[in-house]
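Student: Encoded as C-alpha cells, here's the structure I'll be asking about.
The values are calculated or read from the model by the stated rules, or taken from the named source; none is laboratory data. Computed from a prediction, not measured in an experiment: that's the story for all the values here. Neighbour counts run over all protein chains shown; Cβ positions are idealised from the backbone, glycine included. We work out accessible area using only protein heavy atoms, side chains counted, and drop any ligands, DNA or RNA first. Shrake-Rupley method; radii C 1.70, N 1.55, O 1.52, S 1.80 Å.
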Amino acid sequence: MPTRMWLSGFVIAGLSLAAASGKDVPRLTIKSGTPQTARAWVAARATRYETGFTAALVVNVSPAKLKVRFRCITRGCEFPASDQPDTVARVDASSYDVQSVKGTASIKLTIWTDTPKSVVVVAQPADATAPQVRFVLNER
C-alpha cells in the first residue's frame, strides 16, 4: 500500500509540473548594448539634440517568438521616425515593438532630447507586464 501511494503522489506531482511548464513565462535578459556613450548634436534652429547610438540594444527572449517593446522612460526623450527592419514597428514617439528572431530582439536607435543627458530605455514583453530590463545610454 505505501508503494502505491508513493507512485500516485509521484504521478500527481509530475502532472502538476507538466501543466506549469505548458505556458512559458516571458523572460528577457540583456545580451548587449549597455552602457553606451555617443556624441549629441543639434542642428541650427533645432530645438532638440540628436544622438545616434552605433551599437544595437539586444535582449535574449524566452519564449523565442516573443514581441518586445523598447521604450524610452526618461522625460523629454523621443525616437525620431527612422528606417527600421521589417521586424520593428513604431508604437509612438518613445517606443518601438520588435519581433524577436531566433531568441533575440534588437534595435538600433537615434534619440532626441532637450539637453544632452543619460537616458534609460527599457525592454519588456509588448503584451505583458513582465519584469523589464534597462539600458543606459549616455549623451555628451
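Student: Out of all the residues in segment 78-97, which are surrounded by 12 or more Cβ atoms within 10 Å (Cβ to Cβ), assigned to a strand (DSSP E or B) and not hydroxyl-bearing (Ser, Thr, Tyr)?
Tutor: Start the filter on segment 78-97 by keeping residues that are surrounded by 12 or more Cβ atoms within 10 Å (Cβ to Cβ), which leaves 78-80, 82, 84, 87-91, 93-97.
When the remaining residues are screened for being assigned to a strand (DSSP E or B), the result is 78, 88-91, 95-97.
Of everything in segment 78-97, those that are surrounded by 12 or more Cβ atoms within 10 Å (Cβ to Cβ), assigned to a strand (DSSP E or B) and not hydroxyl-bearing (Ser, Thr, Tyr) turn out to be GLU78, VAL88, ALA89, ARG90, VAL91, ASP97.
Student: Among the residues of segment 57-69, are any modelled with pLDDT of 95 or more, surrounded by fewer than 15 Cβ atoms within 10 Å (Cβ to Cβ) and within 26 Å of THR29 (Cβ to Cβ)?
Tutor: Looking for residues that are modelled with pLDDT of 95 or more, surrounded by fewer than 15 Cβ atoms within 10 Å (Cβ to Cβ) and within 26 Å of THR29 (Cβ to Cβ), one finds none in segment 57-69, hence no.
Student: While we're looking at this one, here's another question. Can you tell me which residue within segment 115-140, out of those that are open to solvent by 10 Å² or more (accessible area, probe 1.4 Å) and assigned to a strand (DSSP E or B), is farthest from ARG69 (Cα to Cα)?
Tutor: Kept after step one, since they are open to solvent by 10 Å² or more (accessible area, probe 1.4 Å), are these residues of segment 115-140: 115-118, 120, 124, 126-134, 136, 138-140.
Retained after the next criterion (residues that are assigned to a strand (DSSP E or B)): 118, 120, 124, 133-134, 136, 138-139.
Details: SER118: 20, VAL120: 14, GLN124: 6, VAL133: 11, ARG134: 12, VAL136: 16, ASN138: 20, GLU139: 22 Å.
The qualifying residue farthest from ARG69 (Cα to Cα) is GLU139.
Student: Here's something else I'd like to know. Could you list, in sequence order, the residues of segment 98-114 that are of a type outside the set (Val, Ile, Thr), in a strand (DSSP E or B) and either farther than 14 Å from LEU66 by Cβ or open to solvent by 50 Å² or more (accessible area, probe 1.4 Å) (or both)?
Tutor: The answer is GLN99, SER106, TRP112.
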